[in-house]
Structure formats: structure tokens, C-alpha cells
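Colleague: Here it is, the structure, as C-alpha cells.
The values are calculated or read from the model by the stated rules, or taken from the named source; none is laboratory data. All figures in this text were calculated on a predicted structure; none of them were measured in a lab. Please note: Cβ atoms are built from the backbone with ideal geometry, for glycine as well, and neighbour counts cover all protein chains shown.
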Amino acid sequence: MSTRSRCSAAALTFGILANAAFAESPNLGRVAAPEELAAWDISIGPDGTGLPPGKGTPQRGETVYVAKCLACHGEKGAGKPNDALAGGRGTLVGDQVPVKTVGSFWPYATTLFDYVRRAMPLNRSKSLRDDEVYAVVAYLLRLNGVIEENETIDAATLPKVRMPNADGFVPFARGK
């Protein structure tokens, strides 16, 4: 058999096998139900779109923080063994080493809520109730001097919080 004939036979065999593979589905899995998708669709936009009901205060947040965050983020968010959550203001400019914390770096308070709700605590992500997330966020905002001790954070107030680095990011204009 010539090389050309072998190549033609191989292409024909490949075509037949590919057609057979794509002709029938192995019927693995199923289409997810809307309520199943809703449990994973927990993104929060900068404008607060998607924030759940609930509320929290810095005082309640300190209690939650001590119980569930302190071991990784240290006393009053000072860091060690993991990232510092407080301090660092003014370190993003000049020649000093930047310290990226909630108060120095994050542009939106709603992003903080989204991250804490989705990823913390590290060993039990998505285990905090919404009221606990609001409380921890309120505590972290208070530690960073963003809100006052007596403020309550909820879906109406959180998007209105003006973060110190809100103007520190340049919007990305997508090409059309």
C-alpha cells in the first residue's frame, strides 16, 4: 500500500471514529436546576447588586472575628500568619513598601463582603451566615477608620461606604 493510500485510509478511519464519538452523547450529568445555580450565583457588584438581607455592627463583628478570623489574621487584623487586614494607609505611593490591606487598597466595601462571604474562613469557606459576614466587614471597616463604631452595615449602607482607595484604580475600557 502506498503512503498516499495509507494516509487516506487513516483520515477515513479518523473521520468515522470522530463522527461516532460526536454522534452520541454518553449522557453524563444533567442540566442544573435554577435553584441549584442560585446557590452558587453569589457575586456582589460594586453597586451592591446581589447583597443579601442581613446586618452587622463592628461590635458583633469583633466577636465573630475573634472566633473565626484571629488565628489567621492576628489581633485586630495586624496579620500573621496570613495577610494584614488593617493599616497600610498611605503606603501605596512613594518609595515605601506598599501594604495592601482593606483600608489601603480595596476600592469597594462590597468587594470585601463578596470575598469574605465566598472565601473565608479559609478552612470552612462559605460557612459564615450573612449577618456574620456583614458584622466582620463592619469590624474590618472600623479597624481601618472607614466607618464609626456605632454604624450598622447592611445591603442599603454597604454600597454607600466610600473606601480610602476608591480612586486608586483606573477603569479598563474594553474595545468595541
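Colleague: Return the residue satisfying two criteria in turn: it lies in the range 88-101 and is surrounded by fewer than 14 Cβ atoms within 10 Å (Cβ to Cβ) and of a type in the set (A, V, I, L, M), and of such residues it is farthest from Gly50 (Cα to Cα).
Modeller: The qualifying residue farthest from Gly50 (Cα to Cα) is Val97.
Colleague: Still on this model: Keeping to the range 131-165, report how many residues are farther than 23 Å from Gly79 by Cβ and part of a loop (DSSP other than H, G, I, E, B).
Modeller: 7
Let's see how each residue does on (1) at pLDDT below 95; (2) within 27 Å of Phe169 (Cα to Cα):
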site	(1), (2)
Pro53	no, no
Gln59	no, no
Tyr65	no, no
Glu75	no, no
Pro81	yes, no
Thr91	yes, yes
Gly94	yes, yes
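Colleague: Is there a residue being surrounded by fewer than 13 Cβ atoms within 10 Å (Cβ to Cβ), farther than 26 Å from Glu148 by Cβ and in contact with a Gly (Cβ under 6 Å, 6 or more places away or on another chain) anywhere in the range 102-123? If you could, list the steps in order and put the result at the bottom.
Modeller: Taking the range 102-123 as the starting set, the residues that turn out to be surrounded by fewer than 13 Cβ atoms within 10 Å (Cβ to Cβ) are 119, 122-123.
From what's left, farther than 26 Å from Glu148 by Cβ: 119, 122-123.
After this cut, where a residue has to be in contact with a Gly (Cβ under 6 Å, 6 or more places away or on another chain) as well, the list is none.
No; the residues of the range 102-123 include none that is surrounded by fewer than 13 Cβ atoms within 10 Å (Cβ to Cβ), farther than 26 Å from Glu148 by Cβ and in contact with a Gly (Cβ under 6 Å, 6 or more places away or on another chain).
Colleague: Let me ask you something else. Against the condition crowded, with 21+ Cβ neighbours inside 10 Å and either free of Cβ contacts under 8 Å to residues at least 12 places away in the same chain or not small (Gly, Ala, Ser) (or both), how does Leu70 come out, does it pass? Steps first, please.
Modeller: On the way: crowded, with 21+ Cβ neighbours inside 10 Å: no; either free of Cβ contacts under 8 Å to residues at least 12 places away in the same chain or not small (Gly, Ala, Ser) (or both): yes.
Answer is no for this residue.
Colleague: A further question follows. Which condition number does Lys76 fail, the rest of (1) at negative phi; (2) surrounded by 15 or more Cβ atoms within 10 Å (Cβ to Cβ); (3) charged (D, E, K, R) being met?
Modeller: In the conditions (1) at negative phi; (2) surrounded by 15 or more Cβ atoms within 10 Å (Cβ to Cβ); (3) charged (D, E, K, R), Lys76 misses (1) alone.
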